[in-house]
1. Please indicate, with yes or no, whether at least one residue in region 61-72 is assigned to a helix (DSSP H, G or I), free of Cβ contacts under 8 Å to residues at least 40 places away in the same chain, farther than 21 Å from Lys105 by Cβ and open to solvent by less than 30 Å² (accessible area, probe 1.4 Å).
2. Would you point out the residue of region 89-121, among those that are open to solvent by 80 Å² or more (accessible area, probe 1.4 Å) and touching a strand residue (DSSP E or B) at 6+ places or on another chain (Cβ under 8 Å), that is modelled with the highest pLDDT?
3. Determine whether region 35-44 contains at least one residue that is in a helix (DSSP H, G or I), more than 18 Å from Ile12 (Cβ to Cβ), out of contact with any Asp or Glu (no Cβ under 9 Å at 6 or more places or on another chain) and of a type in the set (Gly, Ala, Ser).
4. Farther than 23 Å from Tyr87 by Cα, charged (D, E, K, R) and modelled with pLDDT of 90 or more, is that true of Lys66?
Amino acid sequence: MLQRIQTIYLFIAFIATGVLPFVFPLWKTENGQEYFFMFDLSFVALFGLSTTLSLVSIFTYKKRKKQFVMGRLNIILNLILLGLFVYRSLNLSGEADPAKAVSEKGIGMILPIISIVFLSLANKAIKKDEDLVKSVDRLR
């Protein structure tokens, strides 16, 4: 049943971690170059795992409990990714001199937050489906 609402949420999370990081830079370096996630192996691995988990979770719609667990793992993975972004942004040099901008944080740093929101919505919908199936089984 790919037409459920959690499939749409999981697909949006897939887009947020699989497509948008190629479009939006994470930050700009001191010399004005855009820094994408591809320049760091840990970011590539975490974005890749998150994308893979979202895609696999979409196609395991018959096993709701497994889909729910994969959603939680994906949320944890995105929290780790967000933590790495925060750590890295705190280590970037700030704008000490207003005349020259040293670094600029990009919109790519909020992509894990977007993914976490939609994964949470998907898990809520999966839980709702599981509760519905349990209530129907009780009536039999």
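1. yes
2. Lys105
3. yes
4. Judged against the criteria, Lys66 is a match.
The values are calculated or read from the model by the stated rules, or taken from the named source; none is laboratory data. Remember, predicted model here, so these are calculated numbers, not experimental data. All Cβ positions, glycine included, derive from the backbone under ideal geometry; neighbour counts span all protein chains shown. These accessible areas exclude ligands, DNA and RNA; they are computed on the full protein's heavy atoms, side chains included. Shrake-Rupley method; radii C 1.70, N 1.55, O 1.52, S 1.80 Å.
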